[in-house]
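Computed from the coordinates by the stated procedures, all read-outs in this text should not be read as laboratory data. On a predicted model such as this, the values are computed, not experimentally measured, just so you know. Heads up, the Cβs are rebuilt from the backbone with ideal geometry, glycines too, and the neighbour counts pull from every protein chain shown.
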């Protein structure tokens, strides 16, 4: 089962898959996607999956999730370099979107109102990715809790991407520059075959600033970090393989600016570190009764986010100089161990995949605060939620059935979760009145999926799919305890009766690949139930404080349309287009902030001795916005005007093994605001959320 070199692949908009519109200098084969745990071509997937390849990301100089996914229909990414990044898919965001890297879920996001504005989802090095799949709609029938609204599946590179049967050693050196964040990154990949094993040592380092806006109105941020990994594949005969991977990711941000403070009076630093160890066993062509192919994965991962902030104030009050010093530190830590199994059995008309997933997770959040005022100090430590252990187990089975021109898919997964506080008396002596001992909590869910497709011929099909998504209550909502001693005072209290958030996702799609044309269209409707949000539970007359709990109250509906099409105009010219719109409302038919306007792009690609593209990106005006403020003083949140920008790209191989890519983004230097960056915010924030003006990206790589 030794693998030969895998050519860099790029999708040509077939199978409802969007591959970035820049063509590849290298010859390519069709992309295979694994979102349904069965390798398929994009055309064979009866659902919406978007693929971004490593070559796509390199051509556009993408080093952030924001860069890689910004042109994907139905998807938006907030934040940028130096700021937490968060993904929205079809009206759902935060930890309701599952991110998976090499079959293992990445670090959790933690932040206010599920916006992940404290801890983002960008806890891995994007340049390590070989391919990113964006799955739109619920995916819990295969992936369990967290896949409520969609998934992002990342596959990283290994030694087989560099070695050939005739080449036992390979070295690749690459570098890139991103103008929007003034970020430089360099990477070295060393691949080596030793006997029946292959190894890849990878090191990447970056330094720069935070993503800028049009008029440079945001605070300056300095960022730096590195990623180092070692992956090994050991081949045992023709059918078995053991793979290992060890990696460390570290990213730091420093900010020394704040409105109202002089230089050196304010300092903020955020550090994110992820350590990951993974062992995978593969057995192919086993020919056993229950499976032909087997995969067993064991892993350990630790993600830590550490934010430190301090500032000084010196001011005169009645001719007396007052000295004030404030410092706080917020640390969020996630540790997890897990074991995953996946088995596949092929029969005449059936392709069955099944498996069992187990995991143990520990989450911890510590807040330390120190205040000095004229020599008098106070220290305070708090826990926004109790340190929690979570035990998870899930069993799934899925069957793809082919019958003449019809295709059927059916899947079911059962998940069970047990959550326990590490110390049930953790909050007994906290706050004014303390809190009684904490309780355990269990939850479970059944997640089905169904699909049917009819093939009019081998290049024309229609499909209808249903997928269930669910998201189990998390530690911060179940064990949150935050006393607020302001006016009026209130306490956020635990709630052990929370139910899982669920979604019912329906999609009707059409796929065609007729000659020089491709056309992929889908309409979708999703109903989300039991959204968890804070609620004033009752007024406690004994202590005079309002009790606030997270409860299941909200229902959200989202619906929309996505289309992508392409046409080969000549042997060297290809035109393509993509459009999408998402409307999201609550149960009272009020718009919510995860809607998106009509947006998309038109692209013209050229490919012969070199590759080049020109792309027009656009979005319509956005007026479907929620209310900001409160019931006494309701105000519409930010609206955005329609806009259009033009990007240019160029790729060339001046000599063998050397590739050069260059982009000019927003070449007309247009000032505009993407709605996703101001969604749910007041108009006051607009000037800080404009996109960058004209900027450029450059990348180069050389293979020895």
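Normalising by the residue count of the chain, find the relative contact order in percent from Cα pairs under 8 Å and 6+ residues apart.
On the way: 2071 pairs, mean separation 82.0, N = 704.
Relative CO of the chain lands at 12 percent.
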Using a Förster distance of 35 Å, the FRET efficiency for residue 508-residue 683 (Cβ separation, nearest 0.05): 0.40
How far is the Cα center of region 226-285 from the Cα center of region 300-371, in Å? 14
Enter the Cα centre distance for the pair region 666-687 and region 28-59, rounded to the nearest angstrom. 31
Ranked highest first by the average count of other Cβ atoms within 10 Å around their residues, in what order do 451-460, 370-379 fall? 451-460, 370-379
For residue 173 and residue 314, compute 0.36 nm times the residue count separating them, minus their Cα-Cα distance, and round to one decimal in nm. 45.7 nm
Radius of gyration and Dmax for region 619-704's Cα atoms, expressed in Å? 19.5, 68
Listing 470, 610, 332 by rising number of other beta-carbon atoms within 10 angstrom, fewest first, gives 610, 332, 470
Added length on full extension, which subtracts the Cα-Cα distance from 0.36 nm per residue, residue 230 to residue 215: 1.2 nm
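Rounded to two decimals, what is the ratio between the C-alpha radius of gyration of the chain and 2.2 N^0.38 Å?
Values: Rg = 25.8 Å, N = 704, 2.2 N^0.38 = 26.6 Å.
That ratio works out to 0.97.
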With each label point set 7 Å from Cα along the Cα-Cβ vector, what nm distance links residue 623 and residue 285? 6.3
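How would 585, 157 line up from fewest to most surrounding beta-carbon atoms within 10 angstrom? All intermediate terms of the calculation are to be shown ahead of the outcome.
Details: 585 18, 157 21.
The fewest-first ordering by Cβ neighbours comes to 585, 157.
Using a Förster distance of 22 angstrom, determine the FRET efficiency expected from the C-beta separation of residue 300 and residue 34, and round it to 0.05. Before the final figure, lay out the partial values.
On the way: r = 23 Å, r/R0 = 1.03.
Given R0 = 22 Å and the Cβ-Cβ separation, E is 0.45.
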Rounded, prolate or oblate, given the Cα gyration tensor of region 551-676, with a/c below 1.5 counting as rounded? prolate
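Fully extended, how many nm does the chain gain between residue 606 and residue 542 (0.36 nm per residue separation, minus their Cα-Cα distance)?
Numbers: separation 64, 0.36 × 64 = 23.04 nm, distance 7.38 nm.
Result for the pair: 15.7 nm of gain on full extension.
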Spin-label proximity, residue 404 to region 448-488 - amide N less than 20 Å from point 7 Å beyond Cα toward beta carbon: 451-464
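Among 354, 598, 403, rank each residue by its count of other Cβ atoms within 10 Å, from fewest to most, as a rough exposure measure.
Numbers: 354 20, 598 16, 403 8.
Least to most surrounded, the residues fall as 403, 598, 354.
If each DSSP helix of 4+ residues adds -39,500 (n - 2.57) and the sum is divided by the residues in the chain, what number results at 222 nm, nearest 500 deg cm²/dmol?
Working: 5 runs with 23 residues, N = 704.
Calculated at 222 nm, the ellipticity per residue is -500 deg cm²/dmol.
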